[in-house]
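See below for the structure under consideration.
Bear in mind that the values in this text are calculations on the coordinates, not laboratory data. Just so it is clear, the structure is predicted and the values come from calculations on it, not from any experiment. We place every Cβ from the backbone using ideal geometry, glycine too, and count neighbours over all the protein chains shown.
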Amino acid sequence: GVGVSIHGRFRVATEKTLFAMPETAIGKYWLFPDVGGGYFLPRLSGRIGYYLALTGCRLKGRDVLKAGIATHFVDSDKLPALEKDLIALKSPSTENIADLLNSYHAK
């Protein structure tokens, strides 16, 4: 889930991505997001995290990027090529990975 992966340096979303924390919309768990949600949700820009925590609203596709949950947006049909190129990196460094992800990033 998001509570673990949100702390990664790179987070890729596609048009098929669905961000959901349904536990925040269930009565007995209201406002208690799981694993780290209480940490990262209030730190999202523009109070979107508060909104997500209070409503249990789901975000799809590019909205995950706009909210700051994803760092890159890649069309899902390009994921196999991205994976192949990531594996082929001879010396994977933060900079090399960022450059590669940026080359696949759909604006």
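Just order 96-106, 69-79 by mean Cβ neighbour count inside 10 Å, highest at the front, would you?
Output ranking for 96-106, 69-79: 69-79, 96-106.
Could you give the nm distance between label points at Lys84 and Arg43, where each point is 7 Å from its Cα heading toward the beta carbon?
Label-label distance for Lys84 and Arg43, simple model: 3.6 nm.
Compute the FRET efficiency between Arg62 and Ser91 as 1/(1 + (r/R0)^6), taking r as their Cβ-Cβ distance and R0 = 41 Å, and round to the nearest 0.05.
0.85
Expressed as a whole percent, how much of the Cα-Cα distance distribution for the chain exceeds 17 Å?
That tail contains 56 percent of the Cα-Cα pairs.
Mean residue ellipticity at 222 nm from the helices of the chain, using -39,500 (n - 2.57) per DSSP H segment of n ≥ 4 over the full residue count, to the nearest 500 deg cm²/dmol?
Calculated mean residue ellipticity at 222 nm is -10000 deg cm²/dmol.
For Leu44, list long-range residues whose amide hydrogen, built 1.01 Å from N in the peptide plane, is under 5 Å from its own amide hydrogen.
Gly49
Compute the distance in nm between two label points, each set 7 Å from the Cα along the Cα-to-Cβ direction, one at Asp99 and one at Thr55.
4.1 nm
Enumerate the calculated ³J(HN,Hα) couplings along segment 7-14 in order (Karplus 6.51 cos²θ - 1.76 cosθ + 1.60, θ = phi - 60°), each rounded to whole Hz, writing x wherever the residue is Gly or Pro.
8, x, 5, 10, 9, 9, 10, 10
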